[in-house]
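The values are calculated or read from the model by the stated rules, or taken from the named source; none is laboratory data. Computed from a predicted model, the values in this text were never measured in an experiment. As a convention, Cβ positions derive from the backbone with ideal geometry for all residues, glycine included, and neighbour counts pool all protein chains shown. All accessible areas refer to the heavy atoms of the entire protein, side chains included, with ligands and DNA or RNA removed. Shrake-Rupley method; radii C 1.70, N 1.55, O 1.52, S 1.80 Å.
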Amino acid sequence: MKSKICDVVNDDATLISRRAWADPEIYELEKRGIFGRSWLFLAHESQLESPGDFVQAYMCETPIIVARGPDQAVHASINSCTHRGLPVCRADHGNAKSFVCPYHNWNFDVTGKLQAIPQERQVKNRPDKSKLGLKKVPRIEIWNGMIFGSFNEEIEPLEDYLGDMKYYLGAFFDRFPRGIEFVGAPQRWVINANWKLPMENQLGDVNHGPFLHASVIPASANQEIVDHGLSVVPGAGHGATFRLMPEDSPVEQMAWGFEGLATLLGGPEVHDYLREIHARAEERVGPIRSRFKGLTFGVYPNLSFLWSNCAFKVSHPRGPGKVEYWSWAVVPADAPDAVKKVLRSNHTSFFGPGGIVEQEDSEAWMQQYLGSNIDFADDRPYFYGLGEGEEAPHPDMPGLVSNTANEAFARHFFKRWRADLEAVEGQ
């Protein structure tokens with residue numbers, strides 16, 4: 001590597017070298033220092049309701065099978081046969097009793113245990129199948145139905161890893177009596193960009209909205225962010241951005257679900273459901289969080305959540321200059337089917353590969369990657385100093401709080417990023 005990581009991100013993370021997005025050697029450090037050592041989102045329990053249910057996931061570029069076993073536990077295994085390395089599962093999701101490698105028909109159960117080797121009947125020295133199962137993801141933990149895995153056997157418990165981020169995510173999860181559910185398979189598309197920029201965008205960068213998305217975001221919506229918007233760093237690398245609405249705000253202006261197409265497409269059944277949920281919000285999440293009108297949330301390193309548009313997203317790296325972006329629609333688990341159908345439109349109309357907003361985001365992310373590769377520009381690092389030092393503790397909420405123009409969310413992300421890479425630099 002041409003220089004040390006401390007030369008890529010300065011001490012206060014106000015200057016970030018363009019190489020952070022484009023250097024293949026830095027990407028290799030990211031794989032070891034971040035994706036090999038962090039908690040990574042895999043799936044939601046609503047996708048694995050019965051024994052044998054499975055979905056495919058990724059941990060960085062490593063393919064993973066996540067399955068509900070006969071023991072009702074969640075198991076995660078690397079999708080690569082221990083004989084010749086082929087994937088043993090090719091379906092994105094489904095229900096199965098076993099996974100069979102197409103090359104030599106080695107047969108594995110849904111927990112990853114090797115069950116049968118057809119060729120062993122023809123040899124005298126039979127292999128020990130108990131040692132030849134699919135490689136397991138060593139740590140699996142669940143919070144509020146969200147399944148995370150880690151390759152780091154010594155990693156801290158998931159609850160500690162999330163820390164104060166649980167307070168902000170809980171403002172959404174906990175307002176629904178039965179929590180949330182993921183609807184269908186994720187939308188998946190590939191963008192010629194670095195994985196960190198979509199993550200940064202959803203971590204707290206809401207101030208690009210009135211410029212990049214001027215055709216779809218009205219001035220009144222942006223003014224609400226200026227007047228009531230807060231950006232919080234609950235812990236290094238995590239972020240939460242939302243509007244803390246005044247206590248006397250009209251229900252339709254504050255309640256979750258009214259922002260978006262639900263107000264246009266939803267009839268009385270939808271509106272009544274949203275009002276009912278909001279009427280009990282203070283009881284369920286408290287007086288402060290009941291006034292949250294969320295925007296973007298992020299969990300380090302690559303999980304994002306869009307509050308108003310009902311979507312969880314994962315930014316899967318495919319090299320320094322390519323990202324496979326996954327996006328799931330989420331709905332309240334107890335909502336009537338007709339209501340769920342309307343709420344899904346808040347996601348599909350604006351986000352995903354065909355969504356108006358995300359098409360504009362994707363173009364910006366691709367252009368940023370090209371800008372990071374420009375020759376003779378290495379002496380002009382990107383500036384991340386907006387609002388430096390203005391974030392501060394809040395009397396009613398955890399974390400460091402500031403207005404949404406402050407780039408503290410990105411600085412704290414890159415401080416953690418730098419520390420994680422320095423921990424494996426030179427190894």
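Suppose we filter 200, 259 for residues that are at pLDDT below 90, open to solvent by 10 Å² or more (accessible area, probe 1.4 Å) and charged (D, E, K, R); which single one remains? Let's see the steps before the verdict.
Details: 200 fails: at pLDDT below 90.
Exactly one residue qualifies, and that residue is 259.
Given the options 308, 327, name the one that is in contact with a Lys or Arg (Cβ under 9 Å, 6 or more places away or on another chain), within 17 Å of residue 230 (Cα to Cα) and among the hydroxyl-bearing types (Ser, Thr, Tyr). Walk me through it before giving the result.
Numbers: 327 fails: within 17 Å of residue 230 (Cα to Cα).
It is 308.
Determine whether region 224-246 contains at least one residue that is in contact with a Leu (Cβ under 8 Å, 6 or more places away or on another chain), under 25 Å from residue 406 (Cβ atoms) and charged (D, E, K, R).
Checking region 224-246: at least one residue is in contact with a Leu (Cβ under 8 Å, 6 or more places away or on another chain), under 25 Å from residue 406 (Cβ atoms) and charged (D, E, K, R).
Just checking, how many residues over region 375-408 are surrounded by 12 or more Cβ atoms within 10 Å (Cβ to Cβ), under 26 Å from the mean Cα position of the chain (by Cα) and not acidic (Asp, Glu)?
So the count comes out to 17.
Every residue in region 141-174 that is part of a strand (DSSP E or B) and over 23 Å from residue 85 (Cα atoms), please. Give the steps one after another, and end with the answer.
First pass over region 141-174, keeping only residues part of a strand (DSSP E or B): 141-143, 146-150.
141, 142, 143, 146, 147, 148 - these are the residues of region 141-174 that are part of a strand (DSSP E or B) and over 23 Å from residue 85 (Cα atoms).
Can you say whether residue 181 is in a strand (DSSP E or B) and under 21 Å from residue 65 (Cα atoms), as far as the supplied structure shows?
Considered against the rule, which asks whether it is in a strand (DSSP E or B) and under 21 Å from residue 65 (Cα atoms), residue 181 comes out as yes.
Would you please name the residue that is modelled with the highest pLDDT, looking only at residues in region 336-368 that are open to solvent by less than 10 Å² (accessible area, probe 1.4 Å), within 16 Å of residue 202 (Cβ to Cβ) and assigned to a helix (DSSP H, G or I)? First the steps, then the outcome.
Filtering region 336-368 for residues open to solvent by less than 10 Å² (accessible area, probe 1.4 Å) gives 339, 343, 346-347, 352, 355, 358, 361, 365.
Filter once more, keeping what is within 16 Å of residue 202 (Cβ to Cβ): 346-347, 352, 355, 358, 361, 365.
If we keep only those that are assigned to a helix (DSSP H, G or I) too, we end up with 346-347, 358, 361, 365.
Working: 346: 76, 347: 76, 358: 86, 361: 92, 365: 95.
Of everything passing the filter in region 336-368, 365 is modelled with the highest pLDDT.
What is the one condition in (1) in contact (Cβ under 8 Å) with a residue 12 or more places away in the chain; (2) more than 20 Å from residue 50 (Cβ to Cβ); (3) among the acidic types (Asp, Glu) that residue 128 does not satisfy?
The one condition residue 128 does not meet is (1).
Name the single residue, out of those in region 139-181 being without any contact (Cβ under 8 Å) to a residue 40 or more places away in the chain and under 17 Å from the mean Cα position of the chain (by Cα), that is farthest from residue 31 (Cα to Cα).
173
So residue 211 clears everything in (1) modelled with pLDDT under 95; (2) surrounded by 22 or more Cβ atoms within 10 Å (Cβ to Cβ) except one condition, right? Which one?
Of everything listed in (1) modelled with pLDDT under 95; (2) surrounded by 22 or more Cβ atoms within 10 Å (Cβ to Cβ), residue 211 misses just condition (2).
Just to be sure, is residue 78 within 30 Å of residue 388 (Cα to Cα) and hydrophobic (A, V, I, L, M, F, W, C)? If you could, list the steps in order and put the result at the bottom.
Numbers: within 30 Å of residue 388 (Cα to Cα): no; hydrophobic (A, V, I, L, M, F, W, C): yes.
No: the conditions fail for residue 78.
Checking the structure you have, find out if any residue of region 13-23 is at pLDDT 95 or above and within 16 Å of the chain's Cα centre (by Cα).
Taking every residue of region 13-23 in turn, none turns out to be at pLDDT 95 or above and within 16 Å of the chain's Cα centre (by Cα).
Could you list, in sequence order, the residues of region 6-19 that are among the aliphatic types (A, V, I, L, M) and touching a Ser or Thr at 6+ places or on another chain (Cβ under 8 Å)? Lay out the reasoning, then the answer.
Restricting attention to region 6-19, the residues satisfying the condition of being among the aliphatic types (A, V, I, L, M) are 8-9, 13, 15-16.
Hits for region 6-19 are 8, 9.
Would you point out the residue of region 175-197, among those that are polar (S, T, N, Q) and over 23 Å from residue 257 (Cα atoms), that is least open to solvent (accessible area, probe 1.4 Å)? Working first, answer last.
To start, the set of residues in region 175-197 that are polar (S, T, N, Q) comprises 187, 192, 194.
From what's left, over 23 Å from residue 257 (Cα atoms): 192, 194.
On the way: 192: 75, 194: 2 Å².
Taking the candidates together, the pick is 194.
Kindly list the number of the only condition in (1) in contact with a strand residue (DSSP E or B) (Cβ under 6 Å, 6 or more places away or on another chain); (2) open to solvent by less than 20 Å² (accessible area, probe 1.4 Å); (3) modelled with pLDDT of 95 or more that fails for residue 424.
Residue 424 satisfies all of (1) in contact with a strand residue (DSSP E or B) (Cβ under 6 Å, 6 or more places away or on another chain); (2) open to solvent by less than 20 Å² (accessible area, probe 1.4 Å); (3) modelled with pLDDT of 95 or more except (1).
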